[in-house]
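Novice: Just passing along the structure, written as C-alpha coordinates.
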Amino acid sequence: MPSVLDRERTVAPPGYNRWLVPPAALAVHLSIGEVYAFSVFKGPLVTHFDSSLTAIGIVFSIAIVMLGLSAAFGGTWVERNGPRKAMAVSALCWVTGFLVSALGVASNQLWLVYLGYGVIGGIGLGIGYISPVSTLIKWFPDRPGLATGLAIMGFGGGALVASPLTSELLARYADAPEDAIAPTMLTLAVIYAVMMALGAWVIRVPAADWTPPGFSSASAVTAAARRPGLGGGAPADLTADQAIRTPQFWLLWTVLFCNVTAGIGILEQAAPMIQDFFSDVDATEAAGFVGLLSLCNMAGRFVWSTTSDTIGRKPVYAVYLGVGALLYLVLALSGTSSVGLFVATACLILSFYGGGFATIPAYLKDLFGGLQVGAIHGRLLTAWSAAGVAGPLVVNAVADAQIADGKEGADLYTLSFAIMVAIMVVGFVANALVRSIGSARQTAPAAAGDAIPGKTA
(Lines give C-alpha, C1' and ligand atoms only; values in the text may rest on other atoms or scores of the structure.)
Protein backbone atom coordinates (compact mmCIF):
# COMPACT_ATOMS: atom_id res chain seq x y z
CA MET A 1 0.00 0.00 0.00
CA PRO A 2 1.34 3.45 -0.86
CA SER A 3 2.17 5.78 2.00
CA VAL A 4 -0.14 8.71 2.66
CA LEU A 5 2.74 10.92 1.48
CA ASP A 6 3.20 9.16 -1.87
CA ARG A 7 2.22 10.80 -5.13
CA GLU A 8 -0.32 8.06 -5.87
CA ARG A 9 -2.32 9.07 -2.78
CA THR A 10 -2.55 12.70 -3.90
CA VAL A 11 -4.15 12.27 -7.34
CA ALA A 12 -7.32 14.35 -7.37
CA PRO A 13 -10.67 12.59 -7.95
CA PRO A 14 -12.93 13.61 -10.88
CA GLY A 15 -14.62 16.94 -10.32
CA TYR A 16 -11.95 18.21 -7.92
CA ASN A 17 -11.89 22.01 -7.70
CA ARG A 18 -8.44 23.19 -8.82
CA TRP A 19 -8.84 26.43 -6.85
CA LEU A 20 -8.25 24.45 -3.65
CA VAL A 21 -4.63 23.89 -4.67
CA PRO A 22 -3.30 27.50 -4.41
CA PRO A 23 -4.30 27.83 -0.70
CA ALA A 24 -2.37 24.63 0.07
CA ALA A 25 0.68 26.07 -1.66
CA LEU A 26 0.17 29.37 0.14
CA ALA A 27 0.22 27.66 3.54
CA VAL A 28 3.73 26.38 2.84
CA HIS A 29 5.04 29.50 1.13
CA LEU A 30 3.72 31.86 3.82
CA SER A 31 5.58 29.74 6.38
CA ILE A 32 8.96 29.56 4.67
CA GLY A 33 8.57 33.19 3.57
CA GLU A 34 9.48 34.10 7.15
CA VAL A 35 13.06 34.17 5.92
CA TYR A 36 12.32 37.63 4.49
CA ALA A 37 11.65 38.86 8.04
CA PHE A 38 15.12 37.84 9.17
CA SER A 39 16.19 41.48 9.44
CA VAL A 40 13.88 41.79 12.49
CA PHE A 41 16.09 39.23 14.25
CA LYS A 42 19.27 40.85 12.99
CA GLY A 43 19.69 43.64 15.53
CA PRO A 44 18.95 41.43 18.55
CA LEU A 45 21.31 38.73 17.21
CA VAL A 46 24.12 41.28 16.72
CA THR A 47 23.67 42.41 20.34
CA HIS A 48 23.28 38.90 21.75
CA PHE A 49 26.41 37.51 20.10
CA ASP A 50 28.32 40.84 20.25
CA SER A 51 28.97 40.40 16.54
CA SER A 52 29.06 42.42 13.30
CA LEU A 53 26.34 42.96 10.71
CA THR A 54 28.29 40.84 8.23
CA ALA A 55 28.68 37.89 10.62
CA ILE A 56 24.95 37.79 11.37
CA GLY A 57 24.07 38.45 7.71
CA ILE A 58 25.88 35.21 6.89
CA VAL A 59 23.01 33.31 8.55
CA PHE A 60 20.61 34.68 5.94
CA SER A 61 23.08 34.09 3.12
CA ILE A 62 23.61 30.45 4.10
CA ALA A 63 19.85 29.91 4.14
CA ILE A 64 19.48 31.32 0.61
CA VAL A 65 22.49 29.33 -0.65
CA MET A 66 20.98 26.13 0.72
CA LEU A 67 17.62 27.10 -0.75
CA GLY A 68 19.09 27.22 -4.24
CA LEU A 69 21.22 24.11 -3.85
CA SER A 70 18.44 21.98 -2.37
CA ALA A 71 16.05 23.18 -5.07
CA ALA A 72 18.60 22.32 -7.76
CA PHE A 73 19.48 18.87 -6.46
CA GLY A 74 15.97 18.08 -5.21
CA GLY A 75 14.00 19.27 -8.24
CA THR A 76 13.92 15.91 -10.00
CA TRP A 77 13.11 14.15 -6.69
CA VAL A 78 10.18 16.51 -6.13
CA GLU A 79 8.86 15.85 -9.67
CA ARG A 80 9.05 12.10 -9.07
CA ASN A 81 7.64 11.95 -5.52
CA GLY A 82 5.00 14.64 -5.71
CA PRO A 83 4.21 17.78 -3.72
CA ARG A 84 2.85 16.22 -0.52
CA LYS A 85 6.02 14.30 0.35
CA ALA A 86 8.11 17.35 -0.61
CA MET A 87 6.05 19.63 1.62
CA ALA A 88 6.41 17.19 4.53
CA VAL A 89 10.20 17.11 4.12
CA SER A 90 10.24 20.90 3.87
CA ALA A 91 8.23 21.26 7.08
CA LEU A 92 10.52 18.87 8.95
CA CYS A 93 13.66 20.77 7.90
CA TRP A 94 12.23 24.28 8.39
CA VAL A 95 10.89 23.57 11.87
CA THR A 96 14.07 21.71 12.89
CA GLY A 97 16.06 24.74 11.74
CA PHE A 98 14.23 26.96 14.23
CA LEU A 99 14.69 24.45 17.03
CA VAL A 100 18.45 24.12 16.44
CA SER A 101 18.80 27.91 16.14
CA ALA A 102 16.96 28.44 19.41
CA LEU A 103 19.42 26.02 21.04
CA GLY A 104 22.30 27.98 19.50
CA VAL A 105 21.02 31.25 20.94
CA ALA A 106 20.36 29.72 24.37
CA SER A 107 23.85 28.21 24.48
CA ASN A 108 25.49 31.28 22.92
CA GLN A 109 26.83 29.21 19.99
CA LEU A 110 26.52 31.17 16.74
CA TRP A 111 27.61 28.17 14.68
CA LEU A 112 24.39 26.38 15.71
CA VAL A 113 22.37 29.28 14.26
CA TYR A 114 24.36 28.89 11.04
CA LEU A 115 23.58 25.17 11.07
CA GLY A 116 19.94 25.48 12.11
CA TYR A 117 18.45 28.49 10.37
CA GLY A 118 21.08 28.49 7.63
CA VAL A 119 21.77 24.90 6.57
CA ILE A 120 18.85 22.79 7.83
CA GLY A 121 16.26 25.54 7.48
CA GLY A 122 17.68 26.47 4.08
CA ILE A 123 17.11 22.92 2.81
CA GLY A 124 13.50 23.24 3.96
CA LEU A 125 13.26 26.54 2.10
CA GLY A 126 14.41 25.05 -1.21
CA ILE A 127 12.28 21.91 -1.14
CA GLY A 128 9.24 23.86 0.08
CA TYR A 129 9.69 26.59 -2.50
CA ILE A 130 9.64 24.32 -5.55
CA SER A 131 7.21 21.72 -4.18
CA PRO A 132 3.99 23.27 -5.57
CA VAL A 133 5.32 25.00 -8.71
CA SER A 134 5.05 22.28 -11.35
CA THR A 135 1.80 21.07 -9.74
CA LEU A 136 0.25 24.51 -10.11
CA ILE A 137 1.39 24.78 -13.72
CA LYS A 138 -0.28 21.42 -14.41
CA TRP A 139 -3.51 22.61 -12.76
CA PHE A 140 -3.44 25.96 -14.61
CA PRO A 141 -1.94 25.31 -18.08
CA ASP A 142 -4.22 28.05 -19.41
CA ARG A 143 -2.80 30.70 -17.01
CA PRO A 144 0.68 29.69 -15.84
CA GLY A 145 1.73 33.20 -14.79
CA LEU A 146 -1.36 33.58 -12.62
CA ALA A 147 -0.89 30.10 -11.14
CA THR A 148 2.71 30.55 -10.07
CA GLY A 149 1.97 34.08 -8.89
CA LEU A 150 -0.77 32.81 -6.58
CA ALA A 151 1.60 30.48 -4.75
CA ILE A 152 4.87 32.33 -4.92
CA MET A 153 3.25 35.53 -3.67
CA GLY A 154 2.89 33.65 -0.39
CA PHE A 155 6.66 33.38 -0.09
CA GLY A 156 6.96 37.11 -0.64
CA GLY A 157 4.17 37.78 1.84
CA GLY A 158 5.58 35.59 4.60
CA ALA A 159 7.34 38.53 6.20
CA LEU A 160 4.10 40.53 6.15
CA VAL A 161 2.89 38.22 8.90
CA ALA A 162 6.22 37.18 10.39
CA SER A 163 7.70 40.66 10.81
CA PRO A 164 5.08 42.16 13.16
CA LEU A 165 4.56 38.77 14.84
CA THR A 166 8.30 38.38 15.52
CA SER A 167 8.57 41.97 16.72
CA GLU A 168 5.64 41.45 19.11
CA LEU A 169 7.04 38.16 20.46
CA LEU A 170 10.47 39.71 21.01
CA ALA A 171 8.81 42.49 23.01
CA ARG A 172 6.57 40.18 25.07
CA TYR A 173 9.01 37.43 26.04
CA ALA A 174 11.65 39.70 27.62
CA ASP A 175 12.43 43.36 28.35
CA ALA A 176 15.46 43.23 26.00
CA PRO A 177 14.84 41.77 22.50
CA GLU A 178 18.16 39.91 22.55
CA ASP A 179 16.92 37.90 25.55
CA ALA A 180 13.72 36.87 23.76
CA ILE A 181 15.19 35.34 20.59
CA ALA A 182 15.08 31.67 21.67
CA PRO A 183 11.44 31.57 22.90
CA THR A 184 10.37 33.54 19.83
CA MET A 185 12.00 30.98 17.53
CA LEU A 186 10.33 28.11 19.42
CA THR A 187 6.93 29.76 19.08
CA LEU A 188 7.41 30.29 15.34
CA ALA A 189 8.45 26.64 14.96
CA VAL A 190 5.13 25.46 16.40
CA ILE A 191 3.08 27.83 14.22
CA TYR A 192 4.86 26.84 11.02
CA ALA A 193 4.67 23.11 11.81
CA VAL A 194 0.87 23.34 11.93
CA MET A 195 0.51 25.52 8.81
CA MET A 196 2.82 23.43 6.65
CA ALA A 197 1.22 20.15 7.76
CA LEU A 198 -2.19 21.49 6.70
CA GLY A 199 -0.82 22.52 3.30
CA ALA A 200 0.72 19.09 2.72
CA TRP A 201 -2.55 17.38 3.65
CA VAL A 202 -4.70 19.46 1.26
CA ILE A 203 -2.41 19.45 -1.83
CA ARG A 204 -3.47 17.31 -4.82
CA VAL A 205 -2.07 16.59 -8.30
CA PRO A 206 -4.28 16.32 -11.40
CA ALA A 207 -4.90 12.98 -13.12
CA ALA A 208 -2.65 12.34 -16.12
CA ASP A 209 -5.45 12.96 -18.64
CA TRP A 210 -6.99 15.99 -16.89
CA THR A 211 -7.35 19.34 -18.65
CA PRO A 212 -9.39 22.40 -17.66
CA PRO A 213 -12.75 22.82 -19.43
CA GLY A 214 -12.33 24.39 -22.87
CA PHE A 215 -8.54 24.19 -22.76
CA SER A 216 -6.58 23.21 -25.87
CA SER A 217 -2.91 22.31 -25.51
CA ALA A 218 -2.35 23.19 -29.18
CA SER A 219 -3.70 26.71 -28.70
CA ALA A 220 -1.58 27.11 -25.56
CA VAL A 221 1.57 26.24 -27.51
CA THR A 222 0.60 28.73 -30.21
CA ALA A 223 0.01 31.44 -27.60
CA ALA A 224 3.41 30.80 -26.02
CA ALA A 225 5.10 31.04 -29.41
CA ARG A 226 3.41 34.37 -30.11
CA ARG A 227 4.28 36.07 -26.84
CA PRO A 228 6.37 39.21 -27.45
CA GLY A 229 10.12 39.17 -27.40
CA LEU A 230 11.12 35.53 -27.89
CA GLY A 231 11.45 35.62 -31.66
CA GLY A 232 8.78 33.00 -32.43
CA GLY A 233 8.87 29.25 -32.12
CA ALA A 234 6.93 26.93 -29.86
CA PRO A 235 8.41 25.67 -26.58
CA ALA A 236 10.72 22.68 -27.00
CA ASP A 237 9.94 20.02 -24.38
CA LEU A 238 13.41 19.56 -22.93
CA THR A 239 14.57 17.59 -19.92
CA ALA A 240 16.43 19.40 -17.17
CA ASP A 241 19.74 17.95 -18.35
CA GLN A 242 19.10 19.26 -21.88
CA ALA A 243 17.92 22.67 -20.72
CA ILE A 244 21.08 23.47 -18.77
CA ARG A 245 23.14 22.92 -21.93
CA THR A 246 21.41 25.78 -23.76
CA PRO A 247 22.54 29.42 -23.75
CA GLN A 248 18.95 30.41 -22.94
CA PHE A 249 19.16 28.71 -19.55
CA TRP A 250 22.32 30.59 -18.60
CA LEU A 251 20.97 33.90 -19.86
CA LEU A 252 17.94 33.41 -17.62
CA TRP A 253 20.27 32.38 -14.79
CA THR A 254 22.04 35.73 -15.19
CA VAL A 255 18.73 37.59 -15.38
CA LEU A 256 17.45 36.02 -12.15
CA PHE A 257 20.78 36.49 -10.38
CA CYS A 258 20.86 40.21 -11.17
CA ASN A 259 17.21 40.82 -10.25
CA VAL A 260 17.54 38.92 -6.97
CA THR A 261 20.89 40.44 -5.98
CA ALA A 262 19.48 43.94 -6.32
CA GLY A 263 16.32 43.23 -4.34
CA ILE A 264 17.72 40.99 -1.63
CA GLY A 265 20.34 43.57 -0.69
CA ILE A 266 17.58 45.90 0.52
CA LEU A 267 15.40 43.18 2.00
CA GLU A 268 18.04 41.55 4.20
CA GLN A 269 19.09 44.92 5.67
CA ALA A 270 15.69 46.66 5.53
CA ALA A 271 15.03 47.38 9.21
CA PRO A 272 18.45 48.85 10.12
CA MET A 273 18.72 50.56 6.70
CA ILE A 274 15.68 52.82 7.11
CA GLN A 275 16.84 53.72 10.62
CA ASP A 276 20.25 54.70 9.23
CA PHE A 277 18.60 56.87 6.57
CA PHE A 278 16.15 58.50 8.99
CA SER A 279 17.22 58.70 12.64
CA ASP A 280 13.68 59.42 13.88
CA VAL A 281 12.39 56.02 12.70
CA ASP A 282 12.17 53.66 15.72
CA ALA A 283 12.38 49.85 15.83
CA THR A 284 8.61 49.34 15.63
CA GLU A 285 8.34 51.58 12.57
CA ALA A 286 11.31 49.81 11.00
CA ALA A 287 9.55 46.46 11.51
CA GLY A 288 6.49 48.01 9.85
CA PHE A 289 8.67 49.00 6.89
CA VAL A 290 9.81 45.37 6.58
CA GLY A 291 6.17 44.32 6.57
CA LEU A 292 5.32 46.90 3.90
CA LEU A 293 8.18 45.68 1.73
CA SER A 294 6.82 42.17 2.18
CA LEU A 295 3.38 43.34 1.04
CA CYS A 296 4.90 44.87 -2.10
CA ASN A 297 7.02 41.77 -2.66
CA MET A 298 3.87 39.67 -2.39
CA ALA A 299 1.70 41.92 -4.55
CA GLY A 300 4.39 42.13 -7.22
CA ARG A 301 4.49 38.35 -7.47
CA PHE A 302 0.81 38.25 -8.34
CA VAL A 303 0.36 41.46 -10.32
CA TRP A 304 3.49 41.32 -12.47
CA SER A 305 3.34 37.56 -13.15
CA THR A 306 -0.31 37.88 -14.20
CA THR A 307 0.62 40.82 -16.42
CA SER A 308 3.26 38.65 -18.08
CA ASP A 309 0.48 36.32 -19.31
CA THR A 310 -0.62 39.25 -21.50
CA ILE A 311 2.51 41.21 -22.45
CA GLY A 312 5.04 38.36 -22.36
CA ARG A 313 7.81 37.30 -19.97
CA LYS A 314 10.68 39.04 -21.73
CA PRO A 315 9.07 42.52 -21.81
CA VAL A 316 8.08 42.34 -18.15
CA TYR A 317 11.66 41.45 -17.18
CA ALA A 318 12.84 44.46 -19.17
CA VAL A 319 10.66 46.52 -16.82
CA TYR A 320 12.01 44.81 -13.69
CA LEU A 321 15.63 45.43 -14.63
CA GLY A 322 15.50 48.68 -16.63
CA VAL A 323 13.15 50.62 -14.37
CA GLY A 324 14.76 48.95 -11.34
CA ALA A 325 18.16 50.39 -12.27
CA LEU A 326 16.64 53.87 -12.46
CA LEU A 327 14.98 53.44 -9.06
CA TYR A 328 18.27 52.47 -7.43
CA LEU A 329 19.78 55.59 -8.95
CA VAL A 330 17.00 57.62 -7.32
CA LEU A 331 17.83 56.06 -3.92
CA ALA A 332 21.54 56.79 -4.36
CA LEU A 333 20.98 60.44 -5.32
CA SER A 334 17.83 61.46 -3.44
CA GLY A 335 17.01 58.73 -0.90
CA THR A 336 17.43 61.02 2.10
CA SER A 337 15.12 63.74 0.81
CA SER A 338 12.00 62.24 2.42
CA VAL A 339 10.80 59.09 4.12
CA GLY A 340 7.94 58.88 1.62
CA LEU A 341 10.25 58.88 -1.42
CA PHE A 342 12.56 56.30 0.16
CA VAL A 343 9.69 53.97 1.10
CA ALA A 344 7.87 54.31 -2.24
CA THR A 345 11.05 53.64 -4.24
CA ALA A 346 12.07 50.66 -2.12
CA CYS A 347 8.56 49.23 -2.35
CA LEU A 348 8.52 49.42 -6.15
CA ILE A 349 11.96 47.77 -6.32
CA LEU A 350 10.66 44.95 -4.10
CA SER A 351 7.57 44.52 -6.28
CA PHE A 352 9.93 43.91 -9.24
CA TYR A 353 11.98 41.56 -7.09
CA GLY A 354 8.92 39.50 -6.21
CA GLY A 355 7.57 39.63 -9.74
CA GLY A 356 10.82 38.19 -11.03
CA PHE A 357 10.44 35.08 -8.88
CA ALA A 358 6.82 34.52 -9.86
CA THR A 359 7.40 35.08 -13.58
CA ILE A 360 10.44 32.84 -14.01
CA PRO A 361 8.61 29.46 -13.93
CA ALA A 362 6.30 30.58 -16.74
CA TYR A 363 9.29 32.02 -18.65
CA LEU A 364 10.95 28.60 -18.37
CA LYS A 365 7.78 26.87 -19.57
CA ASP A 366 7.60 29.19 -22.61
CA LEU A 367 11.19 28.32 -23.51
CA PHE A 368 11.63 24.69 -22.45
CA GLY A 369 8.07 23.32 -22.32
CA GLY A 370 6.32 21.66 -19.39
CA LEU A 371 8.04 18.26 -19.43
CA GLN A 372 10.37 18.92 -16.48
CA VAL A 373 9.72 22.57 -15.71
CA GLY A 374 9.87 21.93 -11.95
CA ALA A 375 13.32 20.35 -12.17
CA ILE A 376 14.56 23.07 -14.54
CA HIS A 377 13.21 25.71 -12.16
CA GLY A 378 15.03 24.05 -9.28
CA ARG A 379 18.34 24.18 -11.12
CA LEU A 380 17.81 27.81 -12.10
CA LEU A 381 17.37 28.70 -8.43
CA THR A 382 21.11 28.27 -7.94
CA ALA A 383 21.10 31.86 -9.20
CA TRP A 384 19.18 32.71 -6.03
CA SER A 385 21.88 30.96 -3.99
CA ALA A 386 24.58 33.07 -5.60
CA ALA A 387 22.51 36.24 -5.20
CA GLY A 388 21.80 35.38 -1.57
CA VAL A 389 25.53 35.69 -0.97
CA ALA A 390 26.26 38.58 -3.32
CA GLY A 391 23.42 40.96 -2.36
CA PRO A 392 23.80 40.94 1.44
CA LEU A 393 27.60 40.75 1.15
CA VAL A 394 27.72 43.91 -0.97
CA VAL A 395 25.41 45.85 1.36
CA ASN A 396 26.84 44.59 4.67
CA ALA A 397 30.52 44.69 3.68
CA VAL A 398 30.23 48.20 2.26
CA ALA A 399 28.33 49.35 5.36
CA ASP A 400 30.93 47.83 7.72
CA ALA A 401 33.74 49.45 5.70
CA GLN A 402 32.03 52.85 5.83
CA ILE A 403 31.48 52.50 9.58
CA ALA A 404 35.21 51.76 9.97
CA ASP A 405 35.89 55.01 8.09
CA GLY A 406 33.76 56.93 10.55
CA LYS A 407 30.76 57.41 8.26
CA GLU A 408 27.15 56.94 9.29
CA GLY A 409 23.54 57.25 8.13
CA ALA A 410 22.76 57.13 4.42
CA ASP A 411 26.48 57.33 3.57
CA LEU A 412 26.71 53.66 4.53
CA TYR A 413 24.69 52.65 1.45
CA THR A 414 25.36 55.07 -1.44
CA LEU A 415 28.14 52.95 -2.93
CA SER A 416 26.04 49.78 -2.58
CA PHE A 417 23.19 51.38 -4.52
CA ALA A 418 25.56 52.39 -7.33
CA ILE A 419 26.78 48.78 -7.54
CA MET A 420 23.17 47.59 -7.76
CA VAL A 421 22.54 49.92 -10.71
CA ALA A 422 25.40 48.28 -12.61
CA ILE A 423 24.17 44.77 -11.72
CA MET A 424 20.67 45.50 -13.02
CA VAL A 425 22.05 46.85 -16.30
CA VAL A 426 23.89 43.55 -16.79
CA GLY A 427 20.63 41.68 -16.21
CA PHE A 428 18.78 43.93 -18.65
CA VAL A 429 21.29 43.08 -21.40
CA ALA A 430 21.10 39.33 -20.64
CA ASN A 431 17.30 39.41 -20.90
CA ALA A 432 17.51 41.25 -24.24
CA LEU A 433 19.61 38.37 -25.63
CA VAL A 434 17.06 35.63 -24.82
CA ARG A 435 15.52 33.99 -27.91
CA SER A 436 13.17 31.06 -28.49
CA ILE A 437 14.81 27.64 -28.69
CA GLY A 438 12.54 26.60 -31.55
CA SER A 439 9.70 24.27 -32.30
CA ALA A 440 11.59 20.97 -32.04
CA ARG A 441 10.09 18.61 -29.48
CA GLN A 442 12.04 16.20 -27.30
CA THR A 443 10.25 14.11 -24.71
CA ALA A 444 12.72 11.29 -24.05
CA PRO A 445 15.61 11.72 -21.62
CA ALA A 446 18.78 12.57 -23.49
CA ALA A 447 22.09 10.80 -23.27
CA ALA A 448 25.11 12.86 -22.34
CA GLY A 449 26.12 13.41 -25.95
CA ASP A 450 22.67 14.05 -27.44
CA ALA A 451 22.18 17.26 -29.39
CA ILE A 452 19.85 19.93 -28.05
CA PRO A 453 16.80 20.24 -30.31
CA GLY A 454 16.53 23.63 -31.91
CA LYS A 455 19.48 25.07 -30.02
CA THR A 456 20.18 28.65 -31.07
CA ALA A 457 22.66 31.22 -29.95
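The values are calculated or read from the model by the stated rules, or taken from the named source; none is laboratory data. Worth saying up front: this structure is predicted, and the values here are computed from it rather than measured. FYI the Cβ positions are ideal-geometry reconstructions off the backbone, even for glycines, and counts take in every protein chain you see. Ligands, DNA and RNA are stripped out before the accessible areas are found, and what is left, the full protein with its side chains, is counted by its heavy atoms. Shrake-Rupley method; radii C 1.70, N 1.55, O 1.52, S 1.80 Å.
Novice: Any chance you could give the angle, 0 to 90 degrees and rounded to 10, that helix 283-311 forms with the longest Cα principal axis of the chain?
Specialist: For 283-311 against the chain, the angle is about 20 degrees.
Novice: Which aspartates and glutamates does K365 reach when only Cα atoms under 17 Å apart count, and residues fewer than 8 places away in its own chain are ignored?
Specialist: E79, D142, D237, D241, D309
Novice: May I ask you to rank E34, E79, E8, E285 by accessible area, largest first, using a 1.4 Å probe over the protein chains only?
Specialist: Per-residue accessible area, sorted high to low, gives E8, E285, E79, E34.
Novice: Please state the charge dipole magnitude for the chain, taken about the Cα centre, from unit charges on C-beta atoms (+1 on K and R, -1 on D and E), reported in debye and rounded to the nearest 20.
Specialist: 1960
Novice: Cross-link list K85/K138; K138/K314; K85/K314: which exceed 25 angstrom alpha carbon to alpha carbon?
Specialist: K85/K314
Novice: Could you let me know the centre-to-centre spacing of the range 306-354 and the range 360-397, using Cα atoms, in angstrom?
Specialist: 19
Novice: Leaving out same-chain residues fewer than 8 places away, which lysines sit with a Cα under 22 Å from that of K42?
Specialist: K407
Novice: Sticking with this one: Output the 0 to 90 degree angle, nearest 10, between the alpha-carbon long axis of helix 121-130 and the longest principal axis computed from the alpha carbons of the chain.
Specialist: Tilt relative to the chain: about 30 degrees.
Novice: Let me ask something additional. At a Förster radius of 51 Å, what calculated FRET efficiency corresponds to the Cβ-Cβ distance of L326 and T211, to the nearest 0.05?
Specialist: Once rounded, the FRET efficiency stands at 0.75.
Novice: Specify the angular offset, from 0 to 90 degrees and rounded to the nearest 10, of the alpha carbon long axis of helix 382-404 from the longest principal axis of the alpha carbons in the chain.
Specialist: Value to nearest ten degrees: 20.
Novice: Translational diffusion coefficient of the range 232-337 at 10 °C, 1.306 mPa s, Stokes-Einstein with Kirkwood Rh over Cα pairs, in µm²/s as a whole number.
Specialist: Translational diffusion coefficient: 97 µm²/s.
Novice: Where does the chain land at 222 nm, in deg cm²/dmol rounded to the nearest 500, when only DSSP H runs of n ≥ 4 count, each adding -39500 (n - 2.57), divided by all residues?
Specialist: Value at 222 nm, helices only, nearest 500: -24000 deg cm²/dmol.
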